[in-house]
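To start, the structure under review is shown below, and the notes come after it.
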Amino acid sequence: MEQRLTMVTLGVTDLDSARRFYLDGLGWRPLLDAGEAVFLQVGPGILLALYGRADLAAEAGTVAGEVPPPPFSLAHNVGSEEEVRRVVERMVAAGGELVAPPARAPWGGFTAYVGDPDGFRWEIAHNPGLVVRPDGSVRFGAVEEDGPAGPAVADAPTSAPG
């Protein structure tokens, strides 16, 4: 199996509420709004799908009813600490729940957590050590020099959150 991810599907309890949060509140544009599911392109070749929780349960055998927040988070990296604050404010204004306010993280970045209407946790972070090169490859570490694929970085442990 290739090491790649094509789609993350969030089983939501109220698709209309999720649609309002992501499309109207955050201003994200759907690649396809198929009525029973909404597909958002969040990167090259990567989709975030919003799908009814009961439909996902019938299809994939997941839990259909109310559940506590799942033990994972989705991350959105931004360019500055101020941008972390702005994105968090927008998410809360769109109906998100502030879970952890913007603060310095033990790993050196600046981060906050916001729950979407179904409680899915979004980490909004400024991590200057996370570098996405023009070719899409990702590195952790301090920028050393520019090369043909963009800034080269020193390899570092990948245990720091995004």
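Read-outs: derived from the displayed coordinates by stated rules, not from any lab. Because the structure is a prediction, the values reported are computed rather than measured. Cβ atoms come from the backbone with ideal geometry, glycine included; neighbour counts cover every protein chain shown.
Listing for the model above:
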{"quantity": "Angle between the chain longest axis and helix 81-93 axis [Cα atoms, degrees, rounded to 10]", "calculated": "0"}
{"quantity": "Net length gained if the chain between Thr13 and Thr62 were fully extended (0.36 nm per residue, minus Cα distance)", "calculated": "16.4 nm"}
{"quantity": "Calculated volume of the Cα convex hull per residue in Å³ (choose from (1) 140; (2) 163; (3) 152), label", "calculated": "(1)"}
{"quantity": "Relative contact order %, the chain, counting alpha carbon pairs below 8 Å whose residues are six or more apart", "calculated": "17"}
{"quantity": "Whether region 1-66 is rounded, prolate or oblate, judged on the alpha carbon gyration tensor where a/c under 1.5 counts as rounded", "calculated": "oblate"}
{"quantity": "Förster radius 45 Å - calculated FRET efficiency between Met1 and Arg86, Cβ distance, rounded to 0.05", "calculated": "0.70"}
